[in-house]
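Below is one structure, written out as structure tokens; comments come after it.
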Amino acid sequence: EMCIRDRSTGRLQKHHWDAESRMAVNVFLIITAVVVTAIIVFLAWYFVHLLRSPTTSDGNDAKWATAIVIFSLTLTGVSVLLPSMDQANGDGDIPMEDLWFTVFCTQAIVSLAVIPWAIFYYENFSEISFNSETREISINKKCCDCSAARTATCFTLVAVAVVLLMLFMLWAYAGEIEIPVESYSGFLKTYGTDGVMTSSNDCPSTSSSTYNEYECVYESTTLKIQVTLTVYVIAFCSFFGWFVFVVFGGVGFFGMPFGLINSWRTRIKALSPKRREEMKTELGQQARQLHHIARLMIKKYEKPDYQYDKDEQQKFKAFQKHYTRSVTSYNNYRMVEEISLSNESSSCRHFLGLLAGITALIISLVWVAHIGLYMLPDPPVTRMLNEGLIFLDENVWGFFGTTLFAIFSFHLVLCVIWGNMEFGLNCICFKLHPLVPGETIMSSFLMNAMVLGVTSFSTVQFITQAFQGYAGSDSSATVLFHVSARNMTGFLYWFRNNVFIYVLLSVAFLNALRLVCCAPKKNDLEDMYASYTGKGESLEDRAAGLGVTGKHMELMEVRTDGK
């Protein structure tokens, strides 16, 4: 049987499916999960390939470290998509609770043990050996360093032992969840044939002909339940990850859409071949005029009665000025031509970036509206996305709402990754382990993979809170995060008052204000060339910022000789 929500009453109604239908749904979900996992593995590999430094002297050729980073990033992406699979599975045969614990326990082990060991090993690995007897230093290529492995193992065991001891003490002292319970008791009443109770659970304030106010008894209490150590570790990682999630997610909430849109706004508008030919003709005319003037000046200088007086000196300085400007114009043209040729084939990429930026901006704005109308008010103003996804499931396609559920969830992961790249481990005046395209070393990959792995716990908790009205209150994700982690002793104040969500919105709006006020300038080659050439300035510095240094171009040197 399968539970389907009735939009008019909000009740779950049970529908019986035969064995073949259940098997078809399970096979479809399994195939979809395998395909999506393969896509996430490819995206993780491409992310590492795009950012890694090409040098092998920094240890970036270590395939084992690359595999760890890709595996950790894959776990981060898969874990955030599990709530949508949990909702699609419903009461199906896939053991989602076991799958949740398997994924998050693996994520905790990778983030808290495997990656720290890899970082310690990477930092202690060296191909330089020193012979104390002969006092000689040699460099030996090797794939394994036993000394570094022993050091990394010792450091990791100590760190893991300290963390586990701390977690065990916290679990023994505060490993309980406090669930508020409201109970109403009274005499049995006759309800309608539909079996639906009144939407209000409150006792009547005044007596009536059909009901005596003294017949209803209201009682409020707090139910305390001891959780397992595994649940507490997941809840603690989620709580700790919130501090990183609100910063990276807040920065990327509008940083990713604006960044993609700005990549289109600041794209280099290449000059057309016709315009480049016109500029070449103009420069040729200037060169011919200067050449003609120079030949006339040489003839005048060769006369026996010529005298280089003050008036002639001023004329020669004027010639020098025009000559220097002409050479500068030619060099600027060569740079502009090189930039145009190197960016002629990037128009499709810029258009896709613009399309992705607009889509991401729409999703971010919908997220902001959903947070403001559903997650923060108590009771919610509207069910917002939950209502829309239910409508799509019932009226469009059975898994259409689930697909959008996965898209909105994965959007948060992309925002966190973008915030990690843009803000990173920022220490006010410098960054630790920055992620820079083409310049990232392996130790930075390992550190950032560990940070992103920890944020996956809080990201899933945020998703379960946002889509509780769609996924239902009995899903494995809701029970694990929205019931257990949210009501854990010691974390109650932060979650019940939505402290993290308010901070998330504050960071998002402050970053959006910064991006609007400090928008980057457009790179229009026509205006750039006219501006620099009109001032007689070289375009070399600006061209270097656009990826062209002029080293491989035939640039003229300014040389003027005279009396």
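The values are calculated or read from the model by the stated rules, or taken from the named source; none is laboratory data. These figures come from a predicted structure and were not determined experimentally. When we count neighbours, we look across all protein chains shown, and the Cβ atoms used for this are built from the backbone with ideal geometry, even at glycine. Side chains are part of the model used for accessible areas, which takes the heavy atoms of the whole protein and leaves out ligands, DNA and RNA. Shrake-Rupley method; radii C 1.70, N 1.55, O 1.52, S 1.80 Å.
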### Task
Step through the residues of the stretch 290-298 one at a time and calculate ³J(HN,Hα) from phi using the Karplus curve (6.51 cos²θ - 1.76 cosθ + 1.60, θ = phi - 60°), rounding each to whole Hz and writing x for Gly and Pro.
5, 5, 5, 5, 4, 5, 5, 5, 5
### Query
What pairs in 321/522; 274/321; 300/321; 274/522 have C-alpha atoms more than 25 Å from each other?
321/522; 274/321
## Note on the structure
Descending packing, highest mean Cβ count within 10 Å first, for 257-263, 72-78 is 72-78, 257-263
### Of the chymotrypsin sites (Phe, Trp or Tyr not before Pro) in the stretch 280-316, those whose Cβ has at most 16 other Cβ within 10 Å and which sit in DSSP loop
306, 308
### Query
Each residue of the stretch 104-114 in order: what ³J(HN,Hα) in whole Hz does its phi give by Karplus 6.51 cos²θ - 1.76 cosθ + 1.60, θ = phi - 60°, with x for Gly and Pro?
6, 5, 5, 4, 5, 5, 5, 6, 9, 10, 5
### Query
Share of the stretch 294-448's accessible area from carbon and sulfur, percent, 1.4 Å?
64
### Query
Under the classification rounded if a/c is under 1.5, otherwise prolate if a/b is larger than b/c and oblate if not, where does the stretch 252-321 fall, given a ≥ b ≥ c as square roots of the Cα gyration tensor eigenvalues?
oblate
### Accessible area expressed per residue, the stretch 282-399, with surrounding protein chains retained (probe 1.4 Å, Å²)
61
### Task
Order 409, 347, most accessible first, counting only protein heavy atoms with a 1.4 angstrom probe.
347, 409
#### Entry: Under 5 Å, built H, 5+ apart or other chain: amide partners of residue 425
432
### Message
I need the chymotrypsin sites (Phe, Trp or Tyr not before Pro) found in the stretch 343-437, filtered to DSSP loop residues with at most 15 other beta carbons within 10 Å of theirs.
### Response
397, 430
### Listed peptides 280-288, 461-469, 431-439 by packing density, highest first (mean Cβ within 10 Å)
461-469, 431-439, 280-288
### Summary
Honestly the stretch 437-479 on the Cα gyration tensor test (a ≥ b ≥ c root eigenvalues; a/c under 1.5 rounded, otherwise a/b vs b/c for prolate or oblate) is just prolate
### Message
Not counting ligands, DNA or RNA, and with a 1.4 Å probe, what is residue 224's accessible surface area in Å² rounded to the nearest 10?
### Response
130
